[in-house]
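Heads up: the structure comes next, in structure tokens.
The values are calculated or read from the model by the stated rules, or taken from the named source; none is laboratory data. This one's a predicted model, so the numbers in the text were calculated from it and none came from an experiment. No Cβ is skipped: glycine too gets one built from the backbone with ideal geometry, and neighbour counts run over all protein chains shown.
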Amino acid sequence: MSIQHIPFPFTRMHMSKIPFVRNTGPSTFGARRCDHPSLAASARDYINRVESSETFHVPLETIEATLKAYAEGFFPMSDNDRLGFYSSDPRSVYFFDSFHVPRSLRRYYRRHSFDLKTDTAFLEVVRSCRQGRPEWISEFQVQLYAELYKRGHAHSIEAWKDGELAGGIFGTHFGAAFLAESMFHRVPNASNVCLVYLMEMLLRCGFHFCDIQYANEHTARFHPTDLSMKNFMKIFRAALKDTATF
């Protein structure tokens, strides 16, 4: 596959009008909940059981329902200890020709001392993201993401420093689409470095875009593009027909 080369840093200025979102719950950004029973019911039956066990095995029908939900443009999220599938309209996406790295981060990225890795500590990254957002990421979701990881549909990008995990991002992968789910940091700028590294890697590997679901004050610094759900599904379906290797 021929990949268009866009030299680092990503500098083209483009930013759509995006409502900033704070970490208070799905209703904050006007998410639309999927009420189709085949997508959500199987997961809800297991919530109480899962919260008391870190070794719970997610039922196959729940995994299949989740894959179907993703294919239809939904993503999982917990709200008041209940797992649901949501979509956001508008949908925020990072495109390679409009992704913007702030000048200070650009300088930092060139000289950072993190050891960047992929898929070596997936569960640790997910659990670290959950610590900052327990109302959004339930223990059930942790196990669900672990199952997606086993099937090649989820990945982690990790920043290590002195042998310790300093920050990271995890997301899901379908066809040539990467859907960033969450990020965290224990050392300043660790997650930002992971994001820039992720975008470089996705471009190099032939992905079409990086979906971030909806923008907040932090992710808006990198200039995501705001798409209607209709337009997002057009590019998402095109990406599903293509193949990219993480």
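Structure above, values below:
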quantity: Tally, over the stretch 157-206, of residues that are out of contact with any Ser or Thr (no Cβ under 8 Å at 6 or more places or on another chain), aliphatic (A, V, I, L, M) and part of a strand (DSSP E or B); calculated: 3
quantity: Yes/no for residue 78 being farther than 21 Å from residue 177 by Cβ, hydroxyl-bearing (Ser, Thr, Tyr) and out of contact with any strand residue (DSSP E or B) (no Cβ under 9 Å at 6 or more places or on another chain); calculated: no
quantity: Test: residue in the stretch 108-127 that is among the hydroxyl-bearing types (Ser, Thr, Tyr), part of a helix (DSSP H, G or I), within 23 Å of residue 223 (Cβ to Cβ) and out of contact with any Gly (no Cβ under 9 Å at 6 or more places or on another chain); calculated: yes
quantity: Qualifying position, being closer than 18 Å to residue 200 by Cα and part of a strand (DSSP E or B), among 101, 93; calculated: 93
quantity: Candidate set from the stretch 94-109 (those that are touching a helix residue (DSSP H, G or I) at 6+ places or on another chain (Cβ under 7 Å) and closer than 30 Å to residue 66 by Cα); member that is surrounded by the most Cβ atoms within 10 Å (Cβ to Cβ); calculated: 99
quantity: Residue tally, condition free of Cβ contacts under 8 Å to residues at least 12 places away in the same chain and under 17 Å from residue 172 (Cβ atoms), over the stretch 185-228; calculated: 0
quantity: Within the stretch 125-146, tally of residues that are charged (D, E, K, R) and under 25 Å from residue 60 (Cβ atoms); calculated: 3
quantity: Number of the exception - residue 239 against (1) in contact with a Gly (Cβ under 8 Å, 6 or more places away or on another chain); (2) modelled with pLDDT under 95; calculated: (2)
quantity: Given (1) closer than 19 Å to residue 84 by Cα; (2) assigned to a strand (DSSP E or B), number of the condition residue 226 does not satisfy; calculated: (1)
